[in-house]
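Taking it in order: structure first as structure tokens, then the write-up.
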Amino acid sequence: MSSHKRSSADHVDIHRRLLFLTMLIISLVFAIKAGDYFTSANVNRYLTFAGKGLAAISIVLMIATVYWKLRFIPGKERYYLLTSPDSYVMQSMNRACRISWSTTFILLCAITMTTSKNSSTFPAEFYLNLTMFFMLAIFSISFFILFHGGEQATNL
């Protein structure tokens, strides 16, 4: 066991990673739901099972995220550490949010331009699932790249 005691900021970083890992898994649930329209009924049964499994994993991760926050981030510091706009984690999160929002807006514009009101091949539920998948996946992946890249830069 390591004798190194983690700081509150380290615990906040772990909390954020758990949060965004959960978001990535939830995005995969939406991807599976959108993928239902491209697969046979046989495959859909497996996708439904996989989606339910991923949903269960995301619930466990959400509980772990809340537990981590309550257990390891001191109550007095919790609000400041989790909401401080000065922290690198919040800056990475805000950049990831802007990237996600912008790319999702571009996706929605592309969908709007390529489909007409009367000739849409897929129901609205497909487009909603596709949009949720895209937005959450881009947000999570952007955060991991930005956050990980910043850690490498500070370790140089």
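Quick note: the coordinates plus some simple rules give every number you see, no bench work behind them. What you are looking at is a predicted structure, and each value in this text was computed from that prediction instead of being measured. Using ideal geometry, Cβ is built from the backbone for each residue, glycine included, and neighbour counts are taken over all protein chains shown.
Stokes-Einstein D for segment 8-155 at 10 °C, 1.306 mPa s, Kirkwood Rh over Cα pairs, in µm²/s? D = 93 µm²/s. Taking the chain as a Gaussian network of alpha-carbon nodes connected by springs under 10 Å, the highest mean-square fluctuation of the residues Asp13, Asp36, Asp86 belongs to Asp86.
Under the simplified labelling scheme, the Thr112-Asp86 pair shows an inter-label distance of 4.0 nm, with each label point 7 Å from Cα along Cα→Cβ.
When each full DSSP H helix of the chain is screened for a Cα extent of at least 15 Å along its own axis and an average Kyte-Doolittle hydropathy of at least 0.0, the helices passing are 8-35, 41-72, 88-114, 124-155.
Restricting segment 64-142 to trypsin sites (Lys or Arg not before Pro) that sit in a DSSP loop and have at most 15 other Cβ atoms within 10 Å of their own Cβ leaves Lys117.
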